[in-house]
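This report refers to the structure that appears directly beneath it.
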Amino acid sequence: MASGRKREFDSDAALDAAMHVFWQKGYIGASLMDLTDGMGISKPSMYRAFGNKESLFVKTTQRYIETKMKAHVELLFEAGVPLKQRLKNHMMSIVDMQCSSEQVKGCYLVLCQSEIISGVIPKEAEQILVEAEAMPMQLYTDLFEHDPEAIELGLNHNAHTNGLSLYTMLKGTASMARSGISKEELARSIDTIINGIGLH
């Protein structure tokens, strides 16, 4: 029976392929044909394995956060590394990904988050994008509020503004990378923003 047939594709590989399509075209621009062609599966197989386009997007976004973002976050808390270097390592790790020739340039989340204003992204897909938007701001604000070196330097007094500065820069580098600006140029901008918040 059809329901008992063994799945003939790797689910993680299929999600990675769907991620590539959403990363290139955004949620709105990615058609079902784009997705199934990219994943190398039929529409019935996609629906059986992942549900509709919205459900697929939610699963893909969860996988992006899990596989693409966690390694960047860990750099912020590397033991024995000064705060300035931790921030530089973290931000350049993200810029490296944004500029990589091994995948679509820019940032999957930034591209899809920019589509929320359209009002046509379904509720569950919009919700995961809104939650993903809040995470970096909370992460950076908490870092500036609680990191001993940040407190010593007085950066905790402007924790939210400092966090917003970093996140704004990284959303900007995502767009610039997508436009073809080089990693080397963006690295100089990263240095400028880190110096600007008081880490000389």
| Among the listed residues Val95, Val58, which satisfies the condition of being in contact with a Lys or Arg (Cβ under 7 Å, 6 or more places away or on another chain), part of a helix (DSSP H, G or I) and either touching a residue at least 60 places away in the same chain (Cβ under 8 Å) or open to solvent by 60 Å² or more (accessible area, probe 1.4 Å) (or both)? | Val95
| request: Inspect the range 172-185 for any residue being in contact (Cβ under 8 Å) with a residue 24 or more places away in the chain, crowded, with 18+ Cβ neighbours inside 10 Å and more than 23 Å from Val21 (Cα to Cα) and give the result as yes or no. | output: no
| Pick from the range 50-76 the residues that are hydrophobic (A, V, I, L, M, F, W, C) and modelled with pLDDT of 95 or more: which of them is farthest from Tyr140 (Cα to Cα)? | Phe50
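Please work out if Ile41 is within 30 Å of Tyr140 (Cβ to Cβ) and either buried (at least 19 other Cβ atoms within 10 Å of the Cβ) or of a type in the set (A, V, I, L, M, F, W, C) (or both). Quick ask: steps written out before the conclusion?
Working: within 30 Å of Tyr140 (Cβ to Cβ): no; either buried (at least 19 other Cβ atoms within 10 Å of the Cβ) or of a type in the set (A, V, I, L, M, F, W, C) (or both): yes.
The answer is no for Ile41.
The values are calculated or read from the model by the stated rules, or taken from the named source; none is laboratory data. A quick note: this is a predicted structure, and the numbers were derived from the prediction, not measured. Positions of Cβ are backbone-derived with ideal geometry, glycine not excepted, and every protein chain shown enters the neighbour counts. Side chains included, ligands, DNA and RNA excluded: accessible areas come from the protein's heavy atoms. Shrake-Rupley method; radii C 1.70, N 1.55, O 1.52, S 1.80 Å.
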